[in-house]
Amino acid sequence: MKKVLVYGAHWCAECVAVKSWLTKHDIAFDYHDVDVEGRDGMHQYDKTNETIPLLVIDDEVLINPSYDILSSRLLSSKGKQVEKDTKIHDVVMVGAGPAALAAAVYTAREDIQTTIFEKGVIGGLAAITDKVDNYPGFQDGIEGLKLADNLRLQAERFGAVIELGEVNAVKKVGDVFKLDTTSGEMTAKTVLVATGSEWVKLGIPGEVEFYGRGVHNCATCDGAFYRDKRLVVVGGGNSAAQEALFLTRFASHIDILIRGEGWKASDVLVHEVEANKKLHVHFNTTTQEIVGVDGKVTKVVGKNTKTGKLHDFETDGVFVFVGLKPVTYFLKNTGVEFDDGGFIKTDLKLQTKVPGLFVAGDVRSGATMQIASAVGEGATAALSIREYIEAK
């Protein structure tokens with residue numbers, strides 16, 4: 001039996017997900033909370049790494065590994081065989097964010113056999129948000145991880161099954177769908193795609209480590225946490241300009257870092273930015289590193305692309321708006337229609353051009369990118385799925 005060590009933290013959604021996966025597969029592991037024990041133990045395996053979860057499997061170090069990697073390292077060593085799934089599932093949902101979890105509450109509650117696949121964190125981007133302050137019904141806000149867990153528990157209470165794994169491809173064969181998954185091939189009457197979208201990352205030190213704890217991608221969600229604070233906004237397009245303007249409702253000083261020589265945003269937005277005394281724009285400035293102390297962001301290191309000089313921007317938080325990309329790689333050659341941004345088009349019942357294939361949440365063209373609306377779309381999709389199945 002392989003020795004497995006896990007270094008993580010209680011607030012880390014990815015750490016919670018990895019522990020759940022290991023427990024589900026009856027794999028024994030020793031867990032170390034770096035917030036309680038410090039990071040010296042983790043640093044003996046990788047001196048420079050600050051990303052969690054970090055796993056040590058025998059002598060191999062894995063940083064935030066995928067379930068595919070974990071399966072190849074651990075399940076094969078246990079001699080685990082994937083049993084062929086011969087059932088025809090009523091609905092397989094891809095992604096376990098708020099849209100899919102809400103849909104699963106409706107479908108499972110009506111005895112529609114529901115299986116959900118999640119390749120990352122149950123709850124999606126909501127789960128890795130420090131605090132959700134604009135979701136109806138929680139006057140004091142709620143931790144993103146807690147909200148995600150509540151949605152999961154509710155869906156599971158009605159009988160939804162959540163698989164921690166990945167759907168690699170979807171293909172319609174006759175009246176059913178064939179899904180290539182990390183658990184083997186599955187067959188379903190309907191499919192709900194609720195994989196959401198993911199912000200394009202800067203790929204710099206500190207970005208992942210402080211996500212939800214000083215690094216954000218949603219001003220309307222998290223801006224209110226920074227009343228009378230200093231902020232950094234990264235990006236030069238419409239989203240960056242709009243969100244920076246929104247953040248001036250709260251922050252006292254905002255530095256905007258733009259790597260190019262000018263804005264890519266519309267002239268109207270640029271004029272608004274230029275007229276706002278709280279906003280300070282820095283062109284030709286790349287973002288090199290996000291630095292923090294005791295779990296809190298303290299500064300951003302920028303670099304002038306013309307002079308090569310580094311500059312520290314003191315800040316309490318960083319909002320990154322350098323683009324969104326929908327998670328749709330597994331839908332190649334399915335016949336679904338995409339908009340110019342790569343998001344999936346649907347009709348009013350949230351069905352795509354492929355009968356039986358539905359879409360809800362942030363991956364859908366026209367989505368508002370809010371948890372509350374994603375939950376609403378999940379409910380709508382569930383009702384449409386029921387109608388589709390009953391008509392067959």
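What follows draws every value from the coordinates through simple rules; no lab data is involved. None of these values were measured; they are calculated from a predicted model. Note: ideal-geometry Cβ built from the backbone for every residue, glycine included; neighbour counts use all protein chains shown.
Worth a mention:
- Beta-bridge orientation, the chain: approximately 50 percent antiparallel, per DSSP, counting only bridges with both partners inside.
- Residue-span extension gain [H25 to I204] - 0.36 nm each, minus C-alpha spacing: 61.1 nm
- Rounded to the nearest 500, the 222 nm mean residue ellipticity of the chain from helices alone is -7000 deg cm²/dmol, with -39,500 (n - 2.57) taken per DSSP H run of at least 4 residues.
- Distance between the C-alpha centres of the range 104-142 and the range 1-78: 24 Å, rounded to the whole angstrom.
- Dipole size of the range 170-263 about its Cα centre, with +1 on Lys/Arg Cβ and -1 on Asp/Glu Cβ: approximately 180 debye, rounded to the nearest 20.
- Distance between the C-alpha centres of the range 233-258 and the range 341-392: 32 Å, rounded to the whole angstrom.
- Overall shape: oblate for the chain, with the ratio a/c of the largest to smallest alpha carbon gyration tensor axis at 1.5 or above and b/c at least equal to a/b.
- Once C-alpha pairs closer than 8 Å and six or more residues apart are averaged by separation and normalised to the residue number of the chain, the relative contact order reads 16 percent.
- When each of R152, R109, R157 is scored by the number of other beta-carbon atoms lying within 10 Å, the sequence from fewest to most is R157, R109, R152.
- Here's the list of lysines a cross-link from K392 could span, going by alpha-carbon distance under 18 Å and ignoring same-chain residues fewer than 8 apart: K87, K172, K178, K189, K349, K353.
- Placing +1 on the Cβ of every Lys and Arg and -1 on the Cβ of every Asp and Glu, with nothing else charged, gives the range 215-320 a dipole about its Cα centre of roughly 140 debye.
- Share antiparallel - DSSP beta bridges, the range 215-320, percent rounded to 5: 45
- Once both labels are positioned 7 Å from their Cα atoms along Cα-to-Cβ, the gap between L310 and I389 label points is 5.7 nm.
- Taking the fewest neighbouring Cβ atoms within 10 Å as the starting point, the ordered list for F210, F246 is F246, F210.
- As a calculated quantity, the FRET efficiency between S266 and S66 at R0 = 56 Å, using C-beta atoms, amounts to about 0.90.
- Over the range 4-78, the alpha carbon radius of gyration divided by the compact-protein estimate 2.2 N^0.38 Å works out to 1.02.
- Packing-based exposure ordering (other Cβ within 10 Å, fewest first) of E143, E390, E185, E274: E390, E274, E185, E143
- Exceeding the 23 Å Cα-Cα cut-off - candidates K3/K24; K119/K299; K264/K296; K229/K278; K3/K146; K264/K299: K119/K299; K264/K296; K3/K146; K264/K299
- Cβ charges +1 (Lys, Arg) and -1 (Asp, Glu), total dipole of the chain, debye: 560
- Share of pairwise Cα separations in the range 215-320, more than 21 Å, in percent: 28
- When both bridge partners sit in the range 4-78, DSSP labels roughly 65% of those beta bridges antiparallel.
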